[in-house]
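Take a look at the structure below.
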Amino acid sequence: MSSTAVAWALYHAPKVDPTARLILVYLAEHADKDGRGAWPSASTIAEDLEVSIPTVRRHLKALEDGQLIVRGTQELVAHISADRRPVVWDLSLDIRKPPPADRSGLSPVIGRYDLRPITGDTPSDLDGLSPVNERPITGAHHGLSPVIAKPSTEPKAEPPPAPTRLPAPLATLDGGGGSALEVEPDDDPDRIAVDAVLASIAERWGRRPDVIAGHAGRIRGALTAGWPAPALAEHLAADPPAVIKSAARLLGHRLAALPAGPACCDCPGCNRWRRLADADHRRALEAERRAADHAAQAAAVEGAARVADANAAITNALGGELASELTAAALADAGWSSRKIRPLPSVVRGLLADVYARHDHDLEAIRSEAQNLHAARAAS
């Protein structure tokens with residue numbers, strides 16, 4: 001899992017449909033550290049996220065149309081048969097949602113009265129006028145008289161920085177307009193993993209992450225103890241009751257009964273995670289085997305090229321006459337002298353290569369044999 005890609009999908013990607021956001025986070029969990037090479041199939045995504053395959057395909061197309069994901073290097077899945085081959089996706093980590101508008105310089109205006117303080121920059125000719133509608137303030141307003149503040153001579157204090165909020169889809173999972181979970185900007189991978197687990201559980205239970213954020217410390221402890229983030233989220237969120245009266249209390253009970261690890265748990269969530277982990281392990285082994293086969297083939301081709309260059313150099317060093325003697329002797333030994341057809345050049349090169357290999361590519365030994373053959377033929 002790439003923590004950088006998960007953080008981008010959770011906090012920095014532009015606003016999308018909640019289900020599309022969940023699919024984007026799922027792809028980020030299967031991408032490399034640069035957000036590339038995620039290739040879970042639509043059926044796998046649908047099974048793990050408990051949605052239909054047409055829904056997954058529709059949201060993948062929407063994400064691709066929005067350029068949040070692009071088609072990557074399809075050679076990564078070349079080993080899978082064409083009828084079952086998934087699409088390799090790359091995440092566009094450089095596309096981010098626009099920063100929120102700076103509203104630090106605005107003050108609220110309530111009803112007919114502007115509650116902004118009057119400073120020394122207020123023109124003097126506006127004294128006695130209402131700052132909202134610039135009409136003279138006359139009479140009593142329910143027994144109240146307007147009070148105009150004196151110009152302040154103290155320096156203005158800088159407004160505090162606005163807190164960073166979770167994306168809107170995660171802030172309104174319950175369908176309401178409740179406030180989002182406020183978090184400080186953080187690049188800590190452990191904090192990102194904890195936030196990802198909380199967001200996944202909240203999405204599955206239809207709650208906001210801030211409702212269960214009080215268990216962040218216990219979730220961090222489980223991650224430190226060896227629980228992988230996807231497996232922990234699957235275990236804690238699996239099989240919720242039909243009516244969740246208190247999400248925080250339910251999560252607390254499940255954390256209290258948390259086993260030592262997913263390997264010793266037989267719940268549906270851990271079983272699903274083990275299947276995914278086994279599939280990832282098999283894919284990794286297959287990739288290593290293909291890489292080893294490719295390296296062996298490349299080494300064999302390179303070795304054959306070196307041997308061919310060495311044989312050509314020996315042939316050139318011997319000269320045409322001695323090379324012809326060796327060629328004639330090799331053809332005779334192979335039975336070509338009795339045939340009516342001439343051998344192909346490749347056959348000749350192969351026979352000479354056998355002669356050179358018999359002498360371990362020793363030029364002097366090969367030259368001596370060629371000279372002996374030449375002398376024997378001249379004597380006869």
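Rule-based calculations on the coordinates, nothing more; no lab input. The structure presented is a predicted model; accordingly, all values stated were derived computationally and were not measured. Don't worry about glycine lacking a Cβ; one is built from the backbone with ideal geometry, like all the others, and counts go over all protein chains shown.
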For the range 275-281, Karplus couplings with θ = phi - 60° (6.51, -1.76, 1.60), whole Hz, Gly/Pro x: 4, 5, 5, 5, 5, 5, 5
Estimated Rh, the range 305-379: Kirkwood, alpha-carbon pairs, angstrom: 12.6 Å
Amide proton proximity set for Ile69, modelled H, under 5 Å, gap of 5+: Glu64, Ser92
Cleavage-rule hits (trypsin sites (Lys or Arg not before Pro)) in the range 279-348: DSSP loop, at most 10 neighbouring Cβ within 10 angstrom: Arg339, Lys340
Ranked list, fewest to most other Cβ atoms within 10 Å of each Cβ, for Ser368, Ser346: Ser346, Ser368
Table column - 3J(HN,Hα) (Hz), the range 288-298, Karplus curve with 6.51, -1.76, 1.60, x for Gly and Pro: 5, 5, 5, 5, 5, 4, 5, 5, 5, 5, 5
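What does the extension gain come out to for Ala248 and Ile53, with contour length at 0.36 nm per residue minus their alpha carbon separation?
Additional length available on full extension: 67.1 nm.
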Amide H partners (placed H, <5 Å) of Trp89, local residues excluded: Gly37, Ala38, Trp39, Gly72
